[in-house]
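Notes to accompany the following structure.
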Amino acid sequence: MTYNNENGTIRPRTFSNLELGCLYCPHLTPAMASRRLKEWIIYNPTLVEMLKESGWNPRNRIYTPHQVACIFKVLGEP
């Protein structure tokens, strides 16, 4: 499955926490990658604020395209 567009970058779309975690940490198991991404988000106050403004709740398991764009902006693309 590919997530890349014509430019070779990942386009922001709806991602699950597990799916996005695996993109950022492909060397970890899916469960650990998911936890690692969640940790990176929780310990980044700027990112948490951006996500909360977009309607994010820490219990959410799905990120909207706008939230994914925020994550890419702060953490960089995977």
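The values are calculated or read from the model by the stated rules, or taken from the named source; none is laboratory data. These numbers come from a predicted model, not from an experiment. Note that we place each Cβ from the backbone using ideal geometry, even for glycine, and neighbour counts take in every protein chain shown. For the accessible areas, the whole protein counts, side chains as well, though only heavy atoms, and no ligand, DNA or RNA atoms are used. Shrake-Rupley method; radii C 1.70, N 1.55, O 1.52, S 1.80 Å.
Just to be sure I understand the filter: pairs with C-beta atoms under 8 Å, separated by 6 or more residues or on different chains, first member in segment 41-67 and on the phi > 0 side of the Ramachandran plot, second member at pLDDT 95 or above and assigned to a loop (DSSP other than H, G, I, E, B). Which pairs pass? Listed by first residue and then by second, the contacts come to Gly55/Thr64. Kindly evaluate Pro12 against the criterion of being modelled with pLDDT of 95 or more and surrounded by 11 or more Cβ atoms within 10 Å (Cβ to Cβ). Against the criterion (modelled with pLDDT of 95 or more and surrounded by 11 or more Cβ atoms within 10 Å (Cβ to Cβ)), Pro12 does not qualify.
State yes or no: is His27 in contact (Cβ under 8 Å) with a residue 24 or more places away in the chain and either open to solvent by 50 Å² or more (accessible area, probe 1.4 Å) or among the polar types (S, T, N, Q) (or both)? No, not satisfied. Here Pro78 passes the criteria (1) surrounded by 15 or more Cβ atoms within 10 Å (Cβ to Cβ); (2) under 13 Å from Ser16 (Cα atoms); (3) within 10 Å of the chain's Cα centre (by Cα) except the one numbered (2).
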